[in-house]
Amino acid sequence: MELLKADHITMQFGGLTAVKDFNLSLNQGEIVALIGPNGAGKTTAFNMITGVYRPTQGEIDYNGKNITGLRPDQITALGIARTFQNIRLFKDLSVFENVLIANHLHLKSNFLEATFRLPRYRREEREMRETSLNLLEKVGLADLRDEKSSSLPYGKQRRLEIARALATKPQILLLDEPAAGMNPKETEDLTQFIKKIGHEFNLTIFMIEHHMQVVMGISDRIYVFDHGVTIAEGNPYEIQNDQKVIEAYLGVAEEDA
Amino acid sequence: MKRNTILTLISLAILAIAIYFIDQNLDSYKVRILNLCAIYVILAVSMNLINGFTGLFSLGHAGFMAVGAYTTAILTMPQAVKLQNFFMVPIAKPLETLNLPFLPALFVGGLLAAFVAFLIGAPVLRLKGDYLAIATLGFGEIIRVIFTNTQTITNGALGLKSIPNTSNLWWTFGFAAFTVIFIAFLINSSYGRALKAIREDETAAQSMGINLFKHKMLSFMVGAFFAGIGGGLLGNLLGTIDPNMFRFFLTYNLLLMIILGGMGSITGSIISAFIITIATEVLRFLDDGMTIGSLTIPGITGLRMVVFSALLMIVVLFFTQGLMGTKEFTWNKLLNRSQKPLAKGGRS
């Protein structure tokens with residue numbers, strides 16, 4: 001079933017076309033990767049889907065509903081969560097609070113009910129705490145819940161950021177370079193982790209990644225960007241053997257990896 | 001949780017007993033200073049909600065106070081006093097006979113201040129950082145100029161005199177306790193967490209589904225509401241108000257308090273509201289001059305403010321966290337419980 005569809009979305013900044021005519025289709029339960037050299041427009045594509053930028057052309061449909069031009073918080077509320085390339089945790093707040101905050105969008109009580117701790121709020125707060133604790137247990141961060149999020153080691157910060165995105169109860173999870181800056185061991189752990197959560201939370205995952213090990217290991221399909229243009233699309237095998245991709249990208253990536 | 005509630009209630013009872021004895025025994029000068037302390041607690045804590053907890057650099061607090069002060073004053077002044085006050089230009093008709101008891105008048109003042117915050121928040125809360133500061137600063141000045149010119153409502157530059165002196169220690173400390181408890185409970189609720197998330201990282205907060213504008217507006221309006229109440233208490237404590245009272249200087253004083261106490265700490269704001277208010281009185285000799293034995297040192301008007309400004313610079317340069325940083329007083333910490341509390345029950 002098609003969950004998300006981007007139809008010829010284009011993003012121009014003044015004279016610069018960051019992304020041109022991107023057609024994306026995400027089916028329920030898939031893991032799809034977006035790769036391409038630095039500056040190819042991958043994060044811009046993410047920002048269009050999540051509402052940070054409004055595409056200059058084209059339309060994005062989610063569950064058959066046009067979501068082009070909605071605000072990021074509205075898009076998250078509809079079920080598309082994301083992480084960031086440079087980790088953006090709430091640094092001064094605890095691990096637990098970071099996850100709790102992601103539950104806030106589902107809160108029904110108004111601020112007076114919350115301030116005066118009226119019954120409905122008390123019930124909701126209790127539920128939020130339970131689900132957040134459950135989630136932290138599932139991602140293996142429960143014992144660190146009272147730590148300041150910035151005091152966690154890098155790999156765990158990444159994991160917390162994913163957990164926080166999961167707390168918004170998404171259908172689609174967008175991961176922006178989840179393995180960036182990780183050593184091979186951490187990368188392997190993360191790959192398994194992404195697979196696991198995808199399955200457990202019944203997610204559709206769309207990720208930007210440079211690590212070929214991760215991309216080739218878990219992706220069902222791959223899109224390849226170069227200078228904002230989609231130069232290839234297919235399964236890992238097809239991509240690895242695509243002449244255009246090898247020319248534009250894989251040669252460079254081998255040196256990096 | 002239960003134990004903390006009991007401890008809070010006990011301390012409120014102790015506060016009430018203390019007020020009773022202070023009211024009986026201390027002279028009116030000291031009582032007045034304590035009243036000012038409590039009012040500044042209300043103002044500093046409410047400004048900290050906007051600036052410290054939500055991270056909105058707003059400098060409009062004096063404007064909200066003015067709205068509250070004028071509303072409360074006009075609503076509590078008897079008709080005869082109003083007629084005396086408005087001898088140049090008569091007061092607008094419906095206001096002449098409009099009268100409310102002190103408590104509802106304070107709430108109307110607070111609500112009007114919150115409404116004004118809503119009106120100006122709509123355009124200015126889209127701004128960030130220093131742009132927001134400039135816009136809100138401008139708002140504060142505009143309110144002052146408007147109040148100087150709406151003679152039929154505010155009596156213009158003449159100000160209002162003989163406002164009933166209804167503020168006393170019970171009102172001021174009562175509202176200070178209410179403000180502190182209300183804002184502490186708000187901060188420790190899911191909404192408070194959302195506000196802190198906005199302070200920490202707007203982009204991340206928004207992608208967590210938090211409606212930035214709605215939550216900023218919430219913080220701004222709640223802050224303005226309490227600023228309005230504080231203004232009302234102040235006007236009815238001093239007995240006279242005029243537009244020039246609500247210059248930027250007043251906001252600056254509050255800013256000094258929340259920076260000194262720690263942006264994002266209610267406890268810090270309470271402590272520094274007391275320190276600064278009392279120090280302003282204690283250091284009066286700097287302005288007035290003093291005599292030690294046979295030596296007379298002449299005072300320099302405004303020297304106190306130099307001291308406070310220097311203090312602010314020292315804090316900003318060397319102790320950016322202020323007294324408390326973002327730490328709060330909690331019963332759990334006081335009683336030294338080894339286990340970390342799940343929720344910080346920050347109360348005074």
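Taken together, the values in this text are just the output of simple stated rules run on the coordinates, not laboratory data. For clarity, every value in this text was computed on a predicted model and none was experimentally measured. Positions of Cβ are generated from backbone atoms using ideal geometry, with glycine treated the same way; all protein chains shown enter the neighbour counts.
The stretch between B:E202 and B:L119 holds 27.6 nm of extra length on full extension. This uses 0.36 nm per residue minus the Cα-Cα distance.
Given +1 at the Cβ of Lys and Arg, -1 at the Cβ of Asp and Glu and no other charges, the dipole of chain A around its Cα centre is 1180 debye to the nearest 20.
Would you tally the net charge around B:T280, using a Cβ to Cβ cut-off of less than 13 Å, leaving B:T280 out, and scoring K and R as +1, D and E as -1?
Numbers: positive: B:R32, B:R284, B:R304; negative: B:E281, B:D287, B:D288.
Counting the neighbours of B:T280, the net charge comes to 0.
Shape class for segment A:33-109: oblate, because the ratio a/c of the largest to smallest gyration tensor axis (alpha-carbon atoms, square roots of eigenvalues) is 1.5 or more and b/c is at least a/b.
All C-alpha to C-alpha distances of segment B:1-157, sorted into 5 Å bins beginning at zero, yield P(r) values of 2, 8, 12, 15, 15, 15, 13, 11, 7, 2, 1, 0 percent in whole numbers. Across segment B:80-92, computed HN-Hα scalar couplings (Karplus, 6.51 cos²θ - 1.76 cosθ + 1.60, θ = phi - 60°) run 4, 5, 4, 5, 4, 5, 8, 8, 7, 10, x, 6, 4 Hz from first to last residue, x flagging Gly and Pro. Computed over segment A:161-257, the percent of Cα pairs more than 19 Å apart is 44.
Rounded to the nearest 0.05, what FRET efficiency do B:V282 and A:L16 have when you use their Cβ-Cβ distance and R0 = 60 Å? So, using R0 = 60 Å, E works out to roughly 0.45. For A:G36, the amide hydrogen comes within under 5 Å of the amide hydrogens of A:F225, counting only partners 5 or more places away or on other chains and with H modelled in the peptide plane.
Each 10 Å bin from 0 upward holds the following percent of the Cα-Cα pairs of segment A:19-168: 10, 32, 33, 20, 4, 0.
When you restrict to C-alpha pairs under 8 Å that are six or more residues apart and normalise by the size of chain B, the relative contact order lands at 28 percent. Modelled spin labels at A:H199 and B:L312, positioned 7 Å past Cα toward Cβ, are 6.0 nm from each other. Applied to segment A:195-208, the Karplus parametrisation 6.51 cos²θ - 1.76 cosθ + 1.60 on θ = phi - 60° returns per-residue 3J(HN,Hα) values of 4, 4, 5, x, 6, 5, 9, 6, 9, 9, 10, 10, 9, 9 Hz, with x for Gly and Pro. If you take the alpha carbon atoms of the protein assembly as shown and fit the smallest convex hull around them, that volume is 201 Å³ per residue. Full extension of the chain between A:K108 and A:E130 gives 6.3 nm of extra length, using 0.36 nm per residue less the Cα-Cα distance. Spatially, segment A:31-77 and segment B:300-336 are offset by 45 Å when compared through their Cα centroids.
For segment A:128-183, taking the reciprocal of the average inverse distance between every pair of different Cα atoms yields a Kirkwood hydrodynamic radius of 12.0 Å. Note on segment B:146-205: Cα-Cα pairs beyond 20 Å make up 61% of the total pair count.
When the helix-only estimate is applied to chain B (DSSP H runs of n ≥ 4, each -39,500 (n - 2.57), divided by the residue count), what is the mean residue ellipticity at 222 nm, nearest 500 deg cm²/dmol? Intermediate results must be reported in sequence, preceding the final value.
Numbers: 17 runs with 240 residues, N = 348.
My calculation for chain B gives -22500 deg cm²/dmol from helical runs alone.
Estimate the FRET efficiency between B:Q79 and B:Y29 by the formula 1/(1 + (r/R0)^6), using the beta-carbon distance for r and 22 Å for R0, to the nearest 0.05. The calculated FRET efficiency here is 0.10. Given R0 = 30 Å, the distance between the Cβ atoms of B:I142 and B:I22 translates into a calculated FRET efficiency of 0.15.
At full extension, B:L334 and B:R3 could sit 117.9 nm farther apart than now, given 0.36 nm per residue minus the alpha carbon distance. Placing unit charges on the Cβ atoms of the charged side chains and taking the dipole of chain A about its Cα centre, the candidate lying farthest along the positive direction among A:T83, A:V95, A:T230 is A:V95.
Using only the Cα atoms of segment B:254-306, what semi-axes does the equivalent ellipsoid have when each is the square root of 5 times a gyration tensor eigenvalue? Give whole Å, largest first. Show your work: numbers first, answer last.
Details: eigenvalues 179, 21, 7 Å².
For segment B:254-306, the ellipsoid semi-axes come out as 30, 10, 6 Å.
Report the charge-dipole magnitude of the protein assembly as shown in Debye, nearest 20, computed about the Cα centre from +1 at each Lys and Arg Cβ and -1 at each Asp and Glu Cβ. Can you show the working numbers first?
Values: 53 positive and 48 negative charges, 476 e Å.
Taking the Cα centre of the protein assembly as shown as origin, the dipole is about 2280 debye.
Counted by Cβ distance under 13 Å from B:N244, the other residues give a net charge of 0, where Lys and Arg count +1 and Asp and Glu count -1.
Compute and list, largest first, the equivalent-ellipsoid semi-axes of chain A from the alpha carbon gyration tensor, each √(5λ) rounded to a whole angstrom.
Working: eigenvalues 213, 97, 47 Å².
Listed largest to smallest, the semi-axes of chain A are 33, 22, 15 Å.
For a paramagnetic label modelled on A:Q28 (point 7 Å from Cα along Cα→Cβ), amide N atoms under 15 Å away belong, within segment A:1-16, to A:1-5. Just round it to a whole percent: the fraction of Cα-Cα distances in chain B exceeding 25 Å. Everything past 25 Å amounts to 55 percent. Can you work out the PRE-style zone for A:R120? Point 7 Å along Cα to Cβ, and I want the residues of segment B:169-211 with backbone N under 16 Å. Residues B:190-191 qualify, since their backbone N sits under 16 Å from the label point.
Dividing the mean sequence gap of close Cα pairs (under 8 Å, 6+ apart) by how many residues chain A holds gives a relative contact order of 27 percent.
Residues in segment A:226-231 carry Karplus couplings, in order, of 9, 6, x, 10, 6, 9 Hz; the curve used is 6.51 cos²θ - 1.76 cosθ + 1.60 with θ = phi - 60°, and Gly or Pro positions show x. Distances between placed amide hydrogens fall under 5 Å for B:L59 paired with B:T136, B:L137, all partners being 5 or more residues away or on another chain.
With each run of n ≥ 4 DSSP H residues scored as -39500 (n - 2.57), what mean residue ellipticity at 222 nm is computed for chain A after dividing by its residue count and rounding to the nearest 500 deg cm²/dmol?
Rounded to the nearest 500, the figure is -10500 deg cm²/dmol.
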